[in-house]
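Chemist: One structure follows; several queries about it will come next.
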Amino acid sequence: MISVAGAQQNELLRALSRTDLEALFPHLELVPMAAGKHLYDFGSKFDYAYFPTNAIVSLMYVMEDGATTEIGVVGREGVLGVAMYEAERATCSAVVQTAGYAYRLKSSVLRDLVASGGAMAQLLMRYTFAMFAQLAQNVVGGRHCTIEQKLCRWLLDRLDRSLSDEIKVTQDTMATMLGVRRETVTMTARKLQADGLIQYRRGTVVIVDRAGLEACAGTCYRAGKIGFEQMHATAWNDA
């Protein structure tokens, strides 16, 4: 059973008016998102768009040699798998990192909503702008930020989309996402722990000092967050 309270756990759906949201109910389906599940891969056709509630999904780019790097992250603030035309194909892979749930909507239904030029079309345009800012900052950060700044930002990106201060993740996963060696992540995490910013035990990172983590990340984190703050401000003003 789809409910207003349930659907509104996703912030894009929450920004819709109650009338617009309830009109989607016949088309929405609540689905489990198991950790490691691939929602789509490079070159895949988009059959569904996903609106996460408590799941967190990594957007991964896979090189020809098999190396992977995270280029973006999506949680309850957004949507994945938006296809503006039927023949559109994925340019990256979307892999569930933190298990949870999402509401999915057939791509054909979403395209019709966008073509109608209503509230959903406006929200998706704002979200696309925010995502572009995130991706652009990832490119800049990858070139100019230190590994310490990158790890701080990576943790903050998860914290923003989590329901607690605990992040379930291994050092191997963090190394893969950041595109660095595991030993590099180990040394950096130890320093953050020694500075009192995090506590790390096998498979779990607990954020102890969020303000300190933000200060350590600097513009590597802040610049990528501005687009989403602007999106939320305009969405709530229009609601």
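Chemist: For the range 4-116, what class follows from the C-alpha gyration tensor (a ≥ b ≥ c being the square roots of its eigenvalues): rounded when a/c is under 1.5, otherwise prolate if a/b is larger than b/c, else oblate?
Modeler: The shape class here is oblate.
Chemist: Then there is this: Could you give the length gained on full extension between D112 and A87, defined as 0.36 nm per residue of separation minus the Cα-Cα distance, in nm?
Modeler: In short, 7.5 nm is gained.
Chemist: Given the C-alpha centroids of the range 28-73 and the range 108-135, what is the distance between them in whole angstrom?
Modeler: After rounding, the separation between the Cα centres reads 18 Å.
Chemist: Which of the listed residues, A136, L155, T176, is farthest toward the dipole's positive end in the range 77-215, when Lys, Arg count +1 and Asp, Glu count -1 at the beta-carbon?
Modeler: After comparing all options, I get T176.
Chemist: For the range 4-116, what does the relative contact order come out to in percent, with C-alpha contacts under 8 Å and a separation of six or more?
Modeler: So the answer I get is 37 percent.
Chemist: What pairs in K37/K106; K45/K168; K45/K106 have C-alpha atoms more than 21 Å from each other?
Modeler: From K37/K106; K45/K168; K45/K106, over 21 Å: K45/K168.
Chemist: Within the range 143-227, what whole-number % of the accessible surface is contributed by carbon and sulfur, with the 1.4 Å probe and all protein chains included in the calculation?
Modeler: Roughly 50 percent of what the probe reaches on the range 143-227 is carbon or sulfur.
Chemist: Rg(Cα) of the chain divided by 2.2 N^0.38 Å?
Modeler: So the chain has a normalised radius of gyration of 1.02.
Chemist: Once you keep just the Cα pairs under 8 angstrom separated by 6 or more residues, what percentage relative contact order results for the chain?
Modeler: This gives 21 percent for the chain.
Chemist: Solvent-accessible area of L159, probe 1.4 Å, all protein chains present, reported in Å² to the nearest ten, please.
Modeler: Roughly 20 Å² of L159 is accessible to a 1.4 Å probe.
Chemist: For the chain, what is the mean residue ellipticity at 222 nm derived from helices alone (per DSSP H run of n ≥ 4: -39500 (n - 2.57); sum divided by total residues; nearest 500 deg cm²/dmol)?
Modeler: Taken over the chain, the calculation gives -14500 deg cm²/dmol.
Chemist: For the range 1-44, what is the charge dipole size about the Cα centre, in debye to the nearest 20, if Lys and Arg each add +1 at the Cβ and Asp and Glu each add -1 at the Cβ?
Modeler: I would put it at about 100 debye.
Chemist: Charges on Cβ only, +1 for Lys and Arg, -1 for Asp and Glu, centred on the Cα centroid of the chain; of T186, A35, L105, which one is farthest towards the dipole's positive end?
Modeler: T186
Chemist: Now for a different question. How far apart, in nm, are two points set 7 Å out from the Cα along the Cα-to-Cβ line at H38 and at R190?
Modeler: Roughly 3.6 nm, to one decimal.
Chemist: Moving to a separate point now. To the nearest 10 degrees, how steep is helix 147-160 against the longest Cα principal axis of the chain, on a 0 to 90 scale?
Modeler: The helix 147-160 is inclined about 40 degrees to the chain.
Chemist: So, one more: Would you mind telling me the share, in percent, of accessible area of the range 4-116 contributed by carbon and sulfur at probe 1.4 angstrom?
Modeler: 51
Chemist: Run the dipole for the range 116-221 about the Cα centre, Lys and Arg Cβ at +1, Asp and Glu Cβ at -1, nothing else charged, and hand back the magnitude in debye, nearest 20.
Modeler: The calculated dipole for the range 116-221 is roughly 240 debye.
Chemist: Report, by chain and number, residues whose modeled amide H sits under 5 Å from the one on Y40, excluding near sequence neighbours (fewer than 5 apart, same chain).
Modeler: Hits under the 5 Å cutoff: A94.
Chemist: Can you give me the accessible area per residue for the range 143-227, using a 1.4 Å probe, in Å²?
Modeler: 51
Chemist: Among E214, E11, E183, whose mean-square fluctuation peaks in a Gaussian network model of the chain (Cα, cutoff 10 Å)?
Modeler: Looking only at E214, E11, E183, the biggest GNM fluctuation is shown by E183.
Chemist: Can you tell me the orientation of helix 107-116 relative to the chain, as the angle in degrees between its alpha-carbon axis and the longest Cα principal axis, to the nearest 10?
Modeler: 70
Chemist: Moving on. In sequence order, what are the phi-derived ³J(HN,Hα) couplings for the range 86-95 according to the Karplus relation 6.51 cos²θ - 1.76 cosθ + 1.60 with θ = phi - 60°, rounded to whole Hz, with x for glycine and proline?
Modeler: Once θ is set to phi - 60°, the couplings for the range 86-95 become 5, 7, 5, 10, 5, 9, 7, 9, 10, 10 Hz.
Chemist: Could you give the size of the charge dipole of the chain about its Cα centre, using +1 on the Cβ of each K and R and -1 on the Cβ of each D and E, expressed in debye and rounded to the nearest 20?
Modeler: Rounded to the nearest 20 debye, it is 400 debye.
Chemist: Let me see the pair-distance distribution of the range 143-227: every alpha carbon pair, 5 Å bin width, integer percents in order.
Modeler: 3, 15, 28, 29, 18, 5, 1
The values are calculated or read from the model by the stated rules, or taken from the named source; none is laboratory data. Bear in mind that the values here come from a model prediction, so they are computed numbers and not experimental data. When we count neighbours, we look across all protein chains shown, and the Cβ atoms used for this are built from the backbone with ideal geometry, even at glycine. Keep in mind that these areas ignore ligands, DNA and RNA; they rest on the heavy atoms of the full protein, side chains included. Shrake-Rupley method; radii C 1.70, N 1.55, O 1.52, S 1.80 Å.
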